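A.B. asks: I'd like to ask you about the structure that follows.
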Amino acid sequence: TVKTRVVKISINPEWNDELTLPIKDINDPLVLSVYDKDTFTEDDKMGDAEIDIKPYTECLRKGLQDLSDNTTVKEFNQMRKIA
């Protein structure tokens, strides 16, 4: 579990934080949960997401980590019919 800093008084918070996470199994998705911050009561869960990290590790293996942020990596395998 890793926590970011709290963004106060914002209905559209932006974190832009860089986090280092230990990965034990690349087949397990990264689970992201977002909570609000309450002073006197329990924090409320605002949402969550699961992120498949396998495409990112494939890009690292292929040496594609230095591409610009606007780059989309698409891959397909062409199958040939053998007569």
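A.B. asks: Just checking, how many residues over the stretch 8-32 are closer than 24 Å to Asp69 by Cα and of a type outside the set (Phe, Trp, Tyr)?
C.D. replies: 16
A.B. asks: A further question on this structure: Checking Ile11 against (1) modelled with pLDDT under 85; (2) within 25 Å of Lys74 (Cα to Cα); (3) not small (Gly, Ala, Ser): exactly one of these is not met. Which one?
C.D. replies: So Ile11 meets the others, but not (2).
A.B. asks: Continuing with the same structure: Name, by its number, the condition in (1) part of a loop (DSSP other than H, G, I, E, B); (2) more than 20 Å from Lys3 (Cα to Cα); (3) modelled with pLDDT of 80 or more; (4) of a type outside the set (A, V, I, L, M) that does not hold for Arg80.
C.D. replies: Answer for Arg80: the failing condition is (3).
A.B. asks: Given the criterion touching a Leu at 6+ places or on another chain (Cβ under 9 Å), at pLDDT below 85, β-branched (Val, Ile, Thr) and in a loop (DSSP other than H, G, I, E, B), identify the matching residue among Val73, Val2.
C.D. replies: That would be Val73, the only listed residue that is touching a Leu at 6+ places or on another chain (Cβ under 9 Å), at pLDDT below 85, β-branched (Val, Ile, Thr) and in a loop (DSSP other than H, G, I, E, B).
A.B. asks: Evaluate the stretch 48-56: report whether one residue or more is aromatic (Phe, Trp, Tyr), modelled with pLDDT under 90 and in contact with a Lys or Arg (Cβ under 7 Å, 6 or more places away or on another chain).
C.D. replies: no
The values are calculated or read from the model by the stated rules, or taken from the named source; none is laboratory data. Quantities reported herein were computed from a predicted structural model and do not represent experimental measurements. No Cβ is skipped: glycine too gets one built from the backbone with ideal geometry, and neighbour counts run over all protein chains shown.
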